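Before any comments, here is the structure.
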Amino acid sequence: MPHPYVLLSAAVSLDGYLDDTGPERLLLSSPADFDRVDEVRASVDAILVGAGTLRADNPRLLVNSPERRAARVADGRPEYPLKVTVSGSGDLDPAANFWHTGGEKVLYTTDQGAERAHALGIAADVVPLGTELDWRRLLEHLHDRRGVRRLMVEGGGRIHTQLISQGLADELQLVLAPLFVGDPDAPRLFGPGSYQGGRLRLVETRPVGDVVLTRYEPTAPGAGALPSAADHHWLALACELAERCPPSRTAFSVGAVVVAADGTELARGFSREGDEPVVHAEEAALAKTDPMDPRLAGATVYSSLEPCARRASRPAPCARLILDAGVRRVVTAWREPDTFVADADGSAVLAEGGATVVVLPEYEERAKAPNGHLLDR
């Protein structure tokens, strides 16, 4: 199911701490960076913090700039983003600033936590998620029931760790402050976890006052049927490649990317690439890989359209080429219609060959865009 774009935001000391152990909150950001954070808050639909942050910092989580709030209203959005917190126990202070400032609030909790929150009189929409907290269900609820498309997560470290390790964070905005903490009892940004392998992609780095902002995106594909945030990034690239295809009245425009389990891009291609008038996207991409590359066995193929099950222009369809290459995971945006082949079902061919097929329907319209002239006929 679709979920919001999840942006993790944090500031840390040079030695990786979120705070010290003193009675007052350690201010790691500069005045210029506080203004940048305010700008990011104004751009999102919701802001999330954990129960630990509520208890430790008693934050208000507001957009402070009147001009930015006015711009939100002018765009038809609420003056303040939705404020979200997560607590398994539901044991939160009903007098905290979080509940009594800004606009709407929602508390995600367990069934037992919901009973406690109601008994305490928490001034929020209380949403129980069952016997345990489930981040995927939480994000789907925010997307489907609350209309959240961009979610900013401001902590704490435990929540950042969970979202990163479960492959649910689309972006990390990390500010590095020019100071040291050095206290082993102070909280760190990330704790132990089953993190995905590979290197994150550096998107941006720039000074903001006396701190440095770095922005990263994950690259490692998901595992099995569970999509990761990186799956969304790679499938978006496949859709972008589809837009580069030479136009055709007799074949779809498709883009494809082959990505190793550690997030390394192995190859990319698109329909009718180069001097090959009948080449398919997956075929073009796989032709650029080394068939002896051991990474193919753990790789994912991203294709804007479901790989074909039958074709007249080549001996083997793309679904078979993928299986023959040893790839056993495919992520696609759009199931092949019957425009050229009746009862096309490349996913069934892949599944029979032992591959997992993940469909992300939120990219379907983007995948269809370069093929509108074929779909309207």
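Evaluate the following for A261: is it assigned by TED's automatic domain parsing to the domain that holds V358, outside any loop (DSSP other than H, G, I, E, B), closer than 19 Å to L235 by Cα and within 28 Å of the chain's Cα centre (by Cα)?
Answer is no for this residue.
With surrounded by 17 or more Cβ atoms within 10 Å (Cβ to Cβ), part of a loop (DSSP other than H, G, I, E, B) and hydroxyl-bearing (S, T, Y) as the only criterion, which of Y80, Y108 stands out?
Criteria check complete, one pass: Y80.
Kindly indicate which of E154, E171, E140 is under 30 Å from E79 (Cα atoms), in contact with a Ser or Thr (Cβ under 6 Å, 6 or more places away or on another chain) and touching a residue at least 60 places away in the same chain (Cβ under 8 Å).
E154
Looking at E282, is it part of a loop (DSSP other than H, G, I, E, B), touching a Cys at 6+ places or on another chain (Cβ under 9 Å), assigned by TED's automatic domain parsing to the domain that holds E240 and of a type outside the set (V, I, T)?
no
So if I check each of F180, F190, which one is assigned to a loop (DSSP other than H, G, I, E, B), of a type in the set (F, W, Y) and crowded, with 16+ Cβ neighbours inside 10 Å?
Going through F180, F190 in turn, just one is assigned to a loop (DSSP other than H, G, I, E, B), of a type in the set (F, W, Y) and crowded, with 16+ Cβ neighbours inside 10 Å: F190.
Here are some residues: R201, R272. Which one is of a type in the set (K, R) and surrounded by 18 or more Cβ atoms within 10 Å (Cβ to Cβ)? It would help to see each step written out before you state the result.
Details: R201 fails: surrounded by 18 or more Cβ atoms within 10 Å (Cβ to Cβ).
Just a single option satisfies the conditions, and that option is R272.
Looking at region 13-50, which of the residues that are assigned to a helix (DSSP H, G or I) and over 23 Å from G147 (Cα atoms) is nearest to the chain's Cα centre (by Cα)?
Step one: filter region 13-50 for residues assigned to a helix (DSSP H, G or I), giving 31-43.
In the following step, the residues that additionally are over 23 Å from G147 (Cα atoms) were identified as 31-36.
Details: P31: 29, A32: 27, D33: 24, F34: 24, D35: 25, R36: 22 Å.
By that ranking, first place goes to R36.
Any idea how many residues of region 285-321 are of a type outside the set (V, I, T), touching a residue at least 24 places away in the same chain (Cβ under 8 Å), closer than 18 Å to A261 by Cβ and not in a loop (DSSP other than H, G, I, E, B)?
Number satisfying all stated conditions: 8.
Say whether the condition of being touching a Phe, Trp or Tyr at 6+ places or on another chain (Cβ under 8 Å), at pLDDT 95 or above and not basic (K, R) is met by at least one residue in region 146-158.
For region 146-158, residues touching a Phe, Trp or Tyr at 6+ places or on another chain (Cβ under 8 Å), at pLDDT 95 or above and not basic (K, R): present.
Cβ contacts < 9 Å: first residue on the phi > 0 side of the Ramachandran plot, restricted to region 174-188; second residue assigned to a loop (DSSP other than H, G, I, E, B) and buried (at least 16 other Cβ atoms within 10 Å of the Cβ), any location; separation 6+ or different chain. Result?
Correct list of pairs: G182/S13; G182/D20.
Of all residues being of a type in the set (G, A, S) and at pLDDT 90 or above in region 327-350, which is nearest to Y302 (Cα to Cα)? Just the residue, please.
If we take residues in region 327-350 being of a type in the set (G, A, S) and at pLDDT 90 or above, then A333 is nearest to Y302 (Cα to Cα).
Only one residue in V126, V49, V63 is modelled with pLDDT of 95 or more, under 21 Å from D33 (Cα atoms) and touching a Ser or Thr at 6+ places or on another chain (Cβ under 8 Å). Which one?
V49
Need pairs with beta-carbon distance below 9 Å; first residue in contact (Cβ under 8 Å) with a residue 24 or more places away in the chain and over 26 Å from P66 (Cβ atoms) and within region 81-108, second hydroxyl-bearing (S, T, Y) and assigned to a loop (DSSP other than H, G, I, E, B); sequence gap 6+ or separate chains.
S87/T110; G88/T110; S89/T110; G90/T110; Y108/S87
State whether the residues of region 353-374 include one that is assigned to a helix (DSSP H, G or I), aliphatic (A, V, I, L, M), surrounded by 14 or more Cβ atoms within 10 Å (Cβ to Cβ) and in contact with a Phe, Trp or Tyr (Cβ under 6 Å, 6 or more places away or on another chain).
Yes - at least one qualifying residue is present in region 353-374.
The values are calculated or read from the model by the stated rules, or taken from the named source; none is laboratory data. This structure is a prediction, so every number in the text was calculated from the model and none was measured. Reconstructed Cβ throughout: ideal geometry from the backbone, glycine too, with neighbour counts over all protein chains shown.
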